Amino acid sequence: MDLTPYRRYGRWAKRAAWILTIYLVVAYILIGVSPRDALLNPAENLANYRGFIVQAMVLMSFIILQFTAMFWFLARGNNYVIYPGEYDVSFDDVRGQPAAVRSTKEVLRLFQGFKDFKEMGGYPPHGILFEGPPGTGKTLMAKAIAGATGVPFLYATGSGFANMFIGIGNLKVRRMFSKARAMSDKYGGAVIFIDELDALGGSRGMVSQRAAPPPDRDTNRFIVGAGMGGGGGMGIVNELLVQMDGLVVPRGMWRHVRRILLRAKPKVPFYNILIIGATNRASTLDPALLRPGRFDRKIHVGLPDSDGRADIARYYLAKVRHEPIDFEKLARMTKGYSPAMLKNIVNEALIFSLQEGRDALRWEDLWQAKVTEEIGLKQPVVYTPREKEMVAIHESAHAAVSYTLHKGERQVQIITIQKREGALGLVSSQDIEDSYLDTQKQILADIQVSLAGLVAEDIWFGQTTSGPSSDLQAATFRACLYVGLYGMGKSLVSTGVLADPTRGESFLAPVLNDPERRKEVDAILNECRIRARRLLEAKRHVVEGLRDALLEREELIGDEIEAVMAHLGEREPLDVDVPLDYLFGNGEALGEGEDRERQALPAGRPDGDGNGRGEKPDGRASGPRPLEGPAGSNGGS
């Protein structure tokens, strides 16, 4: 016999009994009416004590209203709704990221045609995570999605869910998803975009995989963060996990009517909601947030390549008035730039153009904007004649060694002895083509370039200054990479496994604390110093020619450097209109002693050591390229 209907009736009978019991207790305690009178004359008793009941109801209503209003105000959140047709950004505005745009469009096609996809047996993607360096276009990609989906777009920031009261952040998350579900029913879909997701979805308890104990220990130790009252932050992450891929239950009063009266089976609703997150710290997100079913598609929005930078430059320069620009050359000189940096370069160049009283942007304006972006504004500082010459020799030595060892791979773009930020002088160079690997030759050549200023001071003045301090740091760093991280030294044991980045540890300490590896680093530095001295003595005329030009001009940029090098015999004549008397003042770049030194150099030794670019007599080699920076300084005093 099926007892299910009787159990249902029994539950309703229990509820009625509880209501009757509460009525009798309240009547006896608060009103003083016996249970017998309360049952026989309920209307009369209520009429006699109506004022008391009304006062109690008003007081309770005020208390409830006060708490409801307070929590409603705190749980409002700061999410904004963009309705279809309100945004005019499209995927045509996202430049330099063809792979990311293509992958995003694939997800959107499935999102918009989710019914057909479900009929085939699949489930549409629930979320997209855009991750990558700052300024690469993650938020711009979300704007394009807002303009392309044709459904409401809910925008929120990760920091907007933080609150001083535990539980309010959970209410904000729950309310945002409730709004998205309501819009999904009305419009056939909804998109939620959470910018700076790491502020909301950080790893619960800050537990790191690297900090996890070995499996053979008896106890598990966790590092628990104290944020949000010791548990509020974790609760928000848990709420986000549940809302993204939790149990979806039927809602509304109609389902009870269907269940009780019509005896119909409740229908579990399906909401077509796409969640998009953007962060430049994906490694800090909770692993449960990154699993399939929540963020199904993780799209890396990285720095654009050469073709991407040229496309971005065309896009932004098309919006301003400009003279003819070599976009391929602009792409080469902005290696490592993000789309946001390229946009800023164009805007700064336009400002320089307007300051000069011109109505069109020129190539020189882009150069000036690039220099300002990378090494800062000029600072008016008056050097003593001796200091000025020492700084000029220092930077000329960096440039001469870099020009020789990096020939064909890197181009010296800026040589300056004008003070900018913390540097008295600076040499900046750029890869001619995009490259993603460092060879042994390149690392050793970078060390020689870093040590060239120190060696030149000793050659020309017989003593060194405090200027090469940053050069020594760069050279030591590269030598430690060579020995400890890249396995190019005597030992193949990597010190990278000994360092925990989550605790602020670096691979440098294990290298420098190991006596054997420290000796190896010191030997590399000394060997590179000897090679740099040998090269500078052979290229003395180049150093002194660049010195004279710097003393006259204080800054050489781009084609000016190439013109000086052509005049000094380091390259073929340059087909540019750069008068030498403009660079050297009197047109005499070389003294008699320098001419004799050039004549004394044997023929067929363009690199100063007779072994071609970077080749050394002992078979070891060197070459270009620092690891970081769009146009890293190879020497700053």
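Since every read-out is calculated from the coordinates, none of them should be taken as a lab result. Computed from a prediction, not measured in an experiment: that's the story for all the values here. Every residue, glycine among them, receives a Cβ derived from its backbone with ideal geometry; neighbour counts consider all protein chains shown.
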Add +1 for every Lys or Arg and -1 for every Asp or Glu among the other residues with Cβ under 14 Å from the Cβ of residue 416, and state the total.
0
Net charge near residue 393: determine it from the other residues with C-beta under 13 Å of the C-beta of residue 393, scoring Lys and Arg +1 and Asp and Glu -1.
-2
Spin-label pair residue 298/residue 491, simplified geometry with 7 Å Cα→Cβ offset, distance in nm:
3.2
Please compute the net charge surrounding residue 95, taking Lys and Arg as +1 and Asp and Glu as -1 over other residues with Cβ under 9 Å from its Cβ.
-2
Rounded, prolate or oblate for segment 269-328? Axes are the square roots of the Cα gyration tensor eigenvalues, ordered a ≥ b ≥ c, and the cut-off for rounded is a/c under 1.5.
prolate
Would you kindly state how much longer the chain becomes between residue 37 and residue 257 on full extension, computed as 0.36 nm times their sequence separation minus their alpha carbon distance, in nm to one decimal?
75.6 nm
Phi angles of segment 349-359, converted by Karplus (6.51 cos²θ - 1.76 cosθ + 1.60, θ = phi - 60°) into ³J(HN,Hα) in whole Hz with x for Gly and Pro, give 4, 5, 5, 4, 5, 5, 5, 7, x, 9, 9
Between residue 119 and residue 306, Cβ-based FRET efficiency (R0 30 Å, step 0.05) works out to 0.10
Cross-link pairs beyond the 32 Å C-alpha cut-off, checked among 298/441; 179/298; 179/267
298/441
